[in-house]
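Structure record follows, encoded as structure tokens.
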Amino acid sequence: MSLHSKTNNFPSEPAITFQTGSDCSQNITFGNASSDEIIFDLAPQSGTKGKRKRRKKEIIISPESVFQPPSNEQLQSMSMPPDSNLNEISNPSIYPPNDASTFQPTLDFEERSDTEPYEVFTKKPHETTSKVGYTSVLKFIHPTTIAKEYRYPEMKQCHGCPDGNEGVWRCRDCLPSYVQCRCCMRKAHLQNPFHHIECWTGTHFRRAALWEVGVYIQVPHHDVTTHRICKQLHWKVQQREAFEQKMDSDELQKYAFSTHPGRTETKAESWMQADTDVEMSDADWVAQDLLYMDGSEEEESNISAAEERKREAIFDSDLDKAYRRYGFTKASRPQQSDDEESLNEADRPSPRASEQTEPDVRHPATLKRVIHTNGYHRIRVISCSCMGPDHNVQDLVAVGLMPASFQNIRTLFTGQLLEFTRLANLELYASAYQVKELLSRMTQSLGWSMTDNIYHEFRRMLHIDRWLRKLKWSGFCHHGDPLKPLPAEFGIFCATCPQPGVNLPDDWEKDADNYIYGRTFIADGNFKADHIAHASGGDDVALYDGAGMIPNSDQYKQYIQTVEEVRTKASCENTFRAIESAMAVSKACDITGVVGVACARHSCYAPGGLTDLFRGEQQKNVDYAFVQALANTNVNVKQKVTIVYDIACQYYIHLRKRIDPLLNTIGLQGLVIDRAIGLFHVHAHKDECFFRYSPTFIPGLAYVVGEGMEPNWSALNPASVIIRSSKLFARADFLDDHTSNHNFRKMMNMSQTLTQMLVDAEREHVHHENVFSKVSASASAYVEEWTAQIEEAERQRMEDPTVMDIYGADAFNVKLLHISKHGQSRT
């Protein structure tokens, strides 16, 4: 494909030509053929068999041909005023006039005359035309971004008003963004109350808020058996609308008499206008205050003198800090007379204010602070407590607003923010503090450290949000006590492992000895998931202790304290005691790590199988995690279970003696349990351990690597760092959320995983059948004898694993056996 453009002057409509056909004989041209041409060669090259032939071509680009000015029809569809200068509006290089106190942007590009040829780029192999396109339009990207910061006199009319009222407000989140009057901006955002808007001051657009144009949130009753909009709530909304309509008319009158097209209001006029901005009667102010007097708000009459003094002290302290931060001394501070009336800007918006004034959230009749995915917002929330103060919290939750407290509500978090934070933590490992800092910068890009600190409230709401989601996903809408869930009831396990009553046929017990019904688990310790000890426990609250991936804390601690750790010595010296001894004692940490149990074939965490370590990786910690995994994953006593562990040669010696009392409590007494060592760790043991405990030599275990916990830990470790200093129950909920999400992702990809495993198994089956046939043919005299020895060893390996040493015959013994059979040595 070739691209070519020839330039003489600044064209307005370049021609675009597509060449088609095998010989490029057919041309399809758009635009003026006499002007610049952009030619695309779409014909396939002969002899390339569908491949594109690389040719070195010179590509000449005209930057002016990139910009296409709108036509008259397009401008009319944009509701442009009839007296607009179309040439000036369509020209991207037009800048705001200097008399509007704006700056003339200076581009760091070399000046070029109209007759100077453009730069010629040579397309190299494997190079796309994006470089050419970027360099050609770069000169117009910067002016376009600067032009957005200006309100052209021709575009000052409100986009939504048929009467052509002046618009000074525009939304940064709406697309496209038009200037609107106060009334139209409010009506357009009653259903989108969390957008960021701007206000034209005469020289620039300042940051504004939707409360300045009268946007509010109406909270209906959640009970569908009654009227969702009661009479009291309807009256409040009517009063608010009447008040805002008066503010709208005042704004229209101000702009109708203070300015005219082409003239900008001076600062002196703005100051004089601010003194007579809004004149309201006493009845208007009383009606406005009545809008917020309900059972959920604390009224002025109910505020005690001590509470008022406490609030004044807090305000004075904050004011002193602000003065000191900006270098004011007590003598240089601005003084306010006693008879001067102080008006809250939240209750008296001014569209011409040069700076946005944050309202005082401590006032009972002021705005609510709502935290959304795009930052902090101040907005009016109109609700009703005619059904009782407790119902007000339920009404807020029903509309998607989670209150930070349940009395004297001042701060609300949106459900979208809580979901976004959870996904950001699961996918990006972003902590609540990082999300809080992000929201602060999105709210106020300069001086974001001065924004409200909602970190503790934010963490508390995330804690509650996780609990609510677990309840919903576990079906607690119609049954069960949400405060008393069953053990591991919130857990998500593997959907593929054979589980009676879940994914096995009803008559599976007729063939219970079949290998496909066997269960295999892996266990491993992780010392990166430690926890720093706190001096005091604090207000640590457990919402679902023991209902997820981590067992009940009280029951687990009681078991650890009552069971004595007994050291066992195996014939294998390599038991990885270096790690165990290094993490045995820690003065800084009260938890030195975790032990996890998962299914060996798909690496899904077992519910209840994630336990804390207190003094290294002790056997009793692994025992409890293993038994909890058996109890919460639908294991039947007729199923054979295999545990794959790094030190299984030592761990299995007294396993039945240690866990049989626990198995009796869950109805699994007499369960057959085998042992194995993962294919990676087994090579760090003695050679005998390879033949005795390698999954390769265990019949019915199929192809199991047994190292699935290692990639699980690599995904969990970045999240563990975030919660090293958290409260214990918050840490437990955090780990439960990440491990459950791991299993959920496994489940979503299980069809692809099983499909790939089936393809690999069929391919490897054919390969190994061929290899086995060749080996059997070369040793046909010994096949029958060796088969009998292997079958006998496999029958006895559960009681005596040393019988598997027959696989360890060295080369010297094999050579002697060959000489004794044939009388001579063959190589």
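The values are calculated or read from the model by the stated rules, or taken from the named source; none is laboratory data. Predicted model, so just to flag it, every value in this text is computed and none were measured. Neighbour counts are summed over all protein chains in view; Cβ atoms, including those assigned to glycine, are modelled from backbone coordinates with ideal geometry.
Every residue, every condition in (1) without any contact (Cβ under 8 Å) to a residue 40 or more places away in the chain; (2) in a strand (DSSP E or B); (3) in contact with a helix residue (DSSP H, G or I) (Cβ under 9 Å, 6 or more places away or on another chain); (4) not acidic (Asp, Glu), yes or no:
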position: 406; (1), (2), (3), (4): yes, no, yes, yes
position: 409; (1), (2), (3), (4): no, no, yes, yes
position: 412; (1), (2), (3), (4): no, yes, yes, yes
position: 441; (1), (2), (3), (4): yes, no, yes, yes
position: 462; (1), (2), (3), (4): no, no, yes, yes
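Conditions tested, residue by residue: (1) charged (D, E, K, R); (2) assigned to a helix (DSSP H, G or I); (3) at pLDDT 95 or above; (4) at positive phi.
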residue	(1), (2), (3), (4)
742	no, yes, yes, no
760	yes, yes, no, no
765	no, yes, no, no
774	yes, yes, no, no
786	no, yes, no, no
793	no, yes, no, no
802	no, yes, no, no
807	no, yes, no, no
820	no, yes, no, no
Q) Which of (1) at pLDDT below 90; (2) buried (at least 19 other Cβ atoms within 10 Å of the Cβ); (3) part of a loop (DSSP other than H, G, I, E, B) is the odd one out, the single condition residue 222 does not satisfy? A) (2)
**Q.** Some residue of the range 667-679 being surrounded by 20 or more Cβ atoms within 10 Å (Cβ to Cβ), part of a helix (DSSP H, G or I) and either in contact (Cβ under 8 Å) with a residue 60 or more places away in the chain or not assigned by TED's automatic domain parsing to the domain that holds residue 513 (or both)
**A.** no
Q | The lone exception for residue 725 - which of (1) surrounded by fewer than 19 Cβ atoms within 10 Å (Cβ to Cβ); (2) out of contact with any strand residue (DSSP E or B) (no Cβ under 7 Å at 6 or more places or on another chain) it fails | A | (2)
Q. What single numbered condition from (1) exposed (fewer than 13 other Cβ atoms within 10 Å of the Cβ); (2) in a helix (DSSP H, G or I) fails to hold for residue 396?
A. (1)
Q.
Name the residue that is farthest from residue 381 (Cα to Cα), counting only residues in the range 234-256 that are out of contact with any strand residue (DSSP E or B) (no Cβ under 8 Å at 6 or more places or on another chain) and among the basic types (Lys, Arg).
A. 254
(Q) I want to confirm something. Restricting to the range 143-157 and keeping residues that are buried (at least 16 other Cβ atoms within 10 Å of the Cβ) and hydroxyl-bearing (Ser, Thr, Tyr), which single residue is nearest to the chain's Cα centre (by Cα)? (A) 150
Q) How many residues are more than 36 Å from the chain's Cα centre (by Cα) and outside any helix (DSSP H, G or I) when one looks only at the range 513-567? A) 8
**Q.** Single condition residue 620 does not satisfy, out of (1) crowded, with 19+ Cβ neighbours inside 10 Å; (2) touching a residue at least 24 places away in the same chain (Cβ under 8 Å)
**A.** (1)
Q.
Given the criteria touching a helix residue (DSSP H, G or I) at 6+ places or on another chain (Cβ under 8 Å) and among the β-branched types (Val, Ile, Thr), does residue 739 qualify?
A. yes
Q) Going by the conditions given, is residue 687 over 22 Å from residue 593 (Cβ atoms), in contact (Cβ under 8 Å) with a residue 12 or more places away in the chain and among the charged types (D, E, K, R)? A) yes
Q: Could you tell me whether any residue of the range 661-672 is of a type outside the set (Gly, Ala, Ser) and in contact with a Lys or Arg (Cβ under 8 Å, 6 or more places away or on another chain)?
A: yes
Q) Does any residue of the range 537-553 turn out to be farther than 29 Å from residue 622 by Cα and out of contact with any Pro (no Cβ under 6 Å at 6 or more places or on another chain)? A) yes
Q. Do we have residue 720 as assigned to a helix (DSSP H, G or I), hydroxyl-bearing (Ser, Thr, Tyr) and free of Cβ contacts under 8 Å to residues at least 40 places away in the same chain here?
A. no
Q: Mind listing just one residue for me: the one in the range 389-425 that is at pLDDT 95 or above and of a type in the set (Phe, Trp, Tyr) and, of those, farthest from the chain's Cα centre (by Cα)?
A: 413
Q) Which condition breaks for residue 458 when tested against (1) touching a Lys or Arg at 6+ places or on another chain (Cβ under 7 Å); (2) not in a helix (DSSP H, G or I)? A) (2)
Q) Can you tell which of 202, 160 is in contact with a helix residue (DSSP H, G or I) (Cβ under 8 Å, 6 or more places away or on another chain), crowded, with 18+ Cβ neighbours inside 10 Å and farther than 19 Å from residue 242 by Cα? A) 202
(Q) Taking the condition of being surrounded by fewer than 21 Cβ atoms within 10 Å (Cβ to Cβ) and of a type in the set (Ser, Thr, Tyr), how many residues in the range 638-654 meet it? (A) 1
